[in-house]
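This report concerns only the one structure given below.
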Amino acid sequence: MSKKVAKKEEAPAKAEAAKEEPKKEEAKPQKVEKAAAPKQEKKKKKEEKGIHAIYKVEGDKVTRLRPTCERCGPGYFMADHSDRYMCGHCGFTRYKRA
Ligand SMILES: [Zn+2]
């Protein structure tokens with residue numbers, strides 16, 4: 001037989017209140033410091049298509065990658081669209097054959 005001894009746990013009566021004095025921060029002028037994050041360079045250089053884009057040089061031969069305008073004559077290249085060629089000079093449009 002054993003006696004059940006209810007042991008009274010002593011509750012810590014003295015809850016030590018940590019008396020911490022509120023830290024007095026020196027009145028600093030609030031500087032809005034901007035994060036010096038490197039700005040994302042949005043400079044995407046568009047590769048300019050020069051006049052060389054419509055010529056293809058193969059050795060001594062020069063091939064023109066765009067057809068010339070029939071109305072304006074040689075020297076006037078037509079824009080290469082998906083389904084047609086168009087002259088930007090006179091507006092002549094030539095449809096591609098499927
Ligand atoms: Zn033309």
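Counted by neighbouring Cβ atoms within 10 Å, the residues TYR55, TYR95, TYR85 run from fewest to most as TYR95, TYR55, TYR85. As a proxy for reagent exposure, ranking THR63, THR68, THR93 by other Cβ atoms within 10 Å from fewest up yields THR63, THR93, THR68. Within region 28-98, the trypsin sites (Lys or Arg not before Pro) that combine a DSSP coil assignment with at most 13 other C-beta atoms in a 10 angstrom radius are LYS31, LYS34, LYS39, LYS42, LYS43, LYS44, LYS45, LYS46, LYS49, ARG71, LYS96, ARG97. Computed 3J(HN,Hα) for region 81-98, one whole-Hz value per residue from the Karplus formula 6.51 cos²θ - 1.76 cosθ + 1.60 where θ = phi - 60°, is 9, 5, 10, 7, 10, 9, 8, x, 8, 10, x, 5, 10, 10, 7, 6, 8, 5, glycine and proline marked x.
Here's how it looks for TYR85: its modeled amide H is under 5 Å from those of ARG94, TYR95, LYS96, which are all 5 or more places away or on a different chain.
Where a number appears in this text, it was derived from the coordinates with a stated rule and is not lab data. None of these values were measured; they are calculated from a predicted model. Virtual Cβ from ideal backbone geometry, glycine too; neighbours counted across all protein chains shown.
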